[in-house]
């Protein structure tokens, strides 16, 4: 690794720091009773480097900038004492892998389970996730997706405020604990994906401005702080820092893929966009020996970054989270039209049908929520595997003021219909932790910043909702939970207690049965669907039909009524019904309220 501390084969440790704004840098080795200072020679282009036998695996260290400020290593592999403490030398070769034959699963098999390490299990650790793997295997999940695990300030955080992108947070365990989780998941046949953040650094514990302000730019702005410099002077090293981070997680931790957070806030006007650079480097370096899945979150709906599975171009991404799918389905279930839901409120079921057939709903059309600016690019000719669909995720639950899950917002019959559409459609579905057993515990926004920043975050969180009509009253906004309160985090912890009750078992059986049908009927078809040939049509205001033709002349078909009244004069598509709910459906040409039928045409 060209950044940070690297244990060499001869037992010495090489330390490297990019500090273009520093005149001199000393390595500070923190021994039990003293700190040893060693000068780091300049190597040119802002680099300082020292190889020494005075350090070994487990050594704590910092860098002293210009004889004054002592800072942790921005490429630290581990921060045992949080973001302001010393970094620790880690020997990655000490961990013994036994999954050398694992080459990852094909993307068309993906059933993704998103979880927050700290809130998922009672212990809130990597080991706690490992203990729950049998539950996920029994559910027929095929991929774990961990919310960001890079070191963040304090005892709790969603992870998107990380400041040490190479260091698993010590609250979750040591690097070896994450590796054990990955190894156990592979042994169980599960892929592991990690959410990474390359659009900003968190607001606390980031010392880069002290010696490498070139990491940032004032030409662009993000909602969360300074934008990263991907296209200005000295940006080559900045780009390499994050590309090396992607390689690091995939290689050193044997991860199967990454989900890149909010890439629409990665600004790059150079001839070769950072996203293209990253994907090509990853596939060229690692993609020859195993499958690697790179997934985007991109509010701009830029279809040109996608290719589906396997990637047709070595610079393309496997898939993108499809917010359009979620928003249309959510509006259909709840009738909400605040905020970005406004763009889907006119005809949510027809928009949902378009998402199922073509990927994005917004493919260049003007968005009312965005001041009638055009949003998106044509996605019709991309395969369904290029779009990750979901009814819930950390954003769509946690960004609500009170963190309500869909089970608190819609009727059970409506939710069951939505789940049947999501889990049996060709696109890879994503579940959010606990939804499979009808968890009612909220998932709130939580963090643990220092006193001054904590107050500003709490106030900003409440002001953020002032534009919504239901929160126009300051007294109501004051009820929004304080993100920094420990109770906010505790309420967000997944409650496994109800798992054995009858209600939870009913939800769990529904998910298990649908995922069994998906594995049996849908997954084998996905590689053989004809790209660009899927069709959709509205049969009424709340009814829809979607068809996905196969290369052999067959088809996968869906008709659904997402309304509270029966639909009449419905002509079902040709083929055999392999799923229908409710079971006591009316006559053949009718659709009961909240009904879903899936067909296979031979």
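The values are calculated or read from the model by the stated rules, or taken from the named source; none is laboratory data. All figures in this text were calculated on a predicted structure; none of them were measured in a lab. Here the Cβ is made from the backbone with ideal geometry for all residues, glycine too, and neighbour counts use every protein chain on show.
Tally time: how many residues in the stretch 273-289 are in contact with a helix residue (DSSP H, G or I) (Cβ under 9 Å, 6 or more places away or on another chain) and either on the phi > 0 side of the Ramachandran plot or in a loop (DSSP other than H, G, I, E, B) (or both)?
The total comes to 1.
Residue by residue, here is whether (1) touching a strand residue (DSSP E or B) at 6+ places or on another chain (Cβ under 6 Å); (2) more than 25 Å from residue 110 (Cβ to Cβ); (3) touching a residue at least 24 places away in the same chain (Cβ under 8 Å) holds:
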| position | (1), (2), (3) |
| --- | --- |
| 200 | yes, yes, yes |
| 204 | no, yes, yes |
| 233 | no, yes, no |
| 236 | no, yes, no |
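Restrict the check to the stretch 187-196 and report whether at least one residue is part of a helix (DSSP H, G or I), within 26 Å of residue 99 (Cβ to Cβ) and in the same structural domain as residue 444 (by TED's automatic domain parsing).
yes
Just the residues that are free of Cβ contacts under 8 Å to residues at least 40 places away in the same chain and closer than 20 Å to residue 438 by Cβ, please, taken from the stretch 507-527.
509, 513
Can you tell me which residue within the stretch 5-27, out of those that are under 36 Å from the mean Cα position of the chain (by Cα) and surrounded by fewer than 17 Cβ atoms within 10 Å (Cβ to Cβ), is nearest to residue 68 (Cα to Cα)?
Going through the qualifying residues, I end up with 21.
Sort out which residues of the stretch 192-203 are touching a helix residue (DSSP H, G or I) at 6+ places or on another chain (Cβ under 8 Å) and at pLDDT 95 or above, and write them in order of number.
192, 194, 196, 198, 199, 200, 201
Hey, among 249, 224, which residue is surrounded by fewer than 21 Cβ atoms within 10 Å (Cβ to Cβ) and either touching a residue at least 60 places away in the same chain (Cβ under 8 Å) or touching a strand residue (DSSP E or B) at 6+ places or on another chain (Cβ under 8 Å) (or both)?
The match here is 224.
Any residue in the stretch 61-78 that is part of a loop (DSSP other than H, G, I, E, B), modelled with pLDDT of 95 or more, out of contact with any strand residue (DSSP E or B) (no Cβ under 6 Å at 6 or more places or on another chain) and surrounded by 15 or more Cβ atoms within 10 Å (Cβ to Cβ)?
The answer is yes; a qualifying residue exists.
Which condition breaks for residue 289 when tested against (1) under 28 Å from residue 378 (Cα atoms); (2) surrounded by fewer than 18 Cβ atoms within 10 Å (Cβ to Cβ); (3) touching a residue at least 60 places away in the same chain (Cβ under 8 Å)?
In the conditions (1) under 28 Å from residue 378 (Cα atoms); (2) surrounded by fewer than 18 Cβ atoms within 10 Å (Cβ to Cβ); (3) touching a residue at least 60 places away in the same chain (Cβ under 8 Å), residue 289 misses (1) alone.
The rows are residues; the columns are (1) farther than 30 Å from residue 378 by Cβ; (2) touching a strand residue (DSSP E or B) at 6+ places or on another chain (Cβ under 8 Å).
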{"site": "524", "(1), (2)": "no, no"}
{"site": "543", "(1), (2)": "no, yes"}
{"site": "557", "(1), (2)": "no, yes"}
{"site": "566", "(1), (2)": "yes, yes"}
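Quick check on my filter: what residues within the stretch 555-570 are modelled with pLDDT of 95 or more and closer than 26 Å to residue 533 by Cβ?
555, 556, 557, 558, 559, 560, 561, 562
Restricting to the stretch 337-350, name every residue that is surrounded by fewer than 24 Cβ atoms within 10 Å (Cβ to Cβ) and in contact (Cβ under 8 Å) with a residue 12 or more places away in the chain.
Answer for the stretch 337-350, where residues must be surrounded by fewer than 24 Cβ atoms within 10 Å (Cβ to Cβ) and in contact (Cβ under 8 Å) with a residue 12 or more places away in the chain: 338, 339, 340, 341, 342, 343, 345, 347, 349, 350.
May I ask you to list the residues in the stretch 352-393 that are surrounded by fewer than 21 Cβ atoms within 10 Å (Cβ to Cβ) and in a strand (DSSP E or B)?
366, 367, 373, 374
Condition check: within 19 Å of the chain's Cα centre (by Cα), modelled with pLDDT of 95 or more, farther than 20 Å from residue 386 by Cβ and surrounded by 19 or more Cβ atoms within 10 Å (Cβ to Cβ). Does residue 230 satisfy that?
no
Pick out the one residue from 574, 552 that is within 27 Å of residue 383 (Cβ to Cβ), in contact with a helix residue (DSSP H, G or I) (Cβ under 9 Å, 6 or more places away or on another chain) and part of a loop (DSSP other than H, G, I, E, B).
Exactly one of 574, 552 is within 27 Å of residue 383 (Cβ to Cβ), in contact with a helix residue (DSSP H, G or I) (Cβ under 9 Å, 6 or more places away or on another chain) and part of a loop (DSSP other than H, G, I, E, B), namely 552.
Here is a check on your reading of the model: is residue 41 touching a helix residue (DSSP H, G or I) at 6+ places or on another chain (Cβ under 8 Å) and either modelled with pLDDT of 95 or more or surrounded by 20 or more Cβ atoms within 10 Å (Cβ to Cβ) (or both)?
When the stated conditions are applied, residue 41 does not pass them.
Run residue 561 past the list (1) crowded, with 16+ Cβ neighbours inside 10 Å; (2) in contact with a helix residue (DSSP H, G or I) (Cβ under 6 Å, 6 or more places away or on another chain) and report the number of the one that doesn't hold.
(2)
Looking at 381, 393, can you tell me which residue is in contact with a strand residue (DSSP E or B) (Cβ under 9 Å, 6 or more places away or on another chain), closer than 28 Å to residue 596 by Cα and either in contact (Cβ under 8 Å) with a residue 12 or more places away in the chain or outside the structural domain of residue 325 (by TED's automatic domain parsing) (or both)?
393
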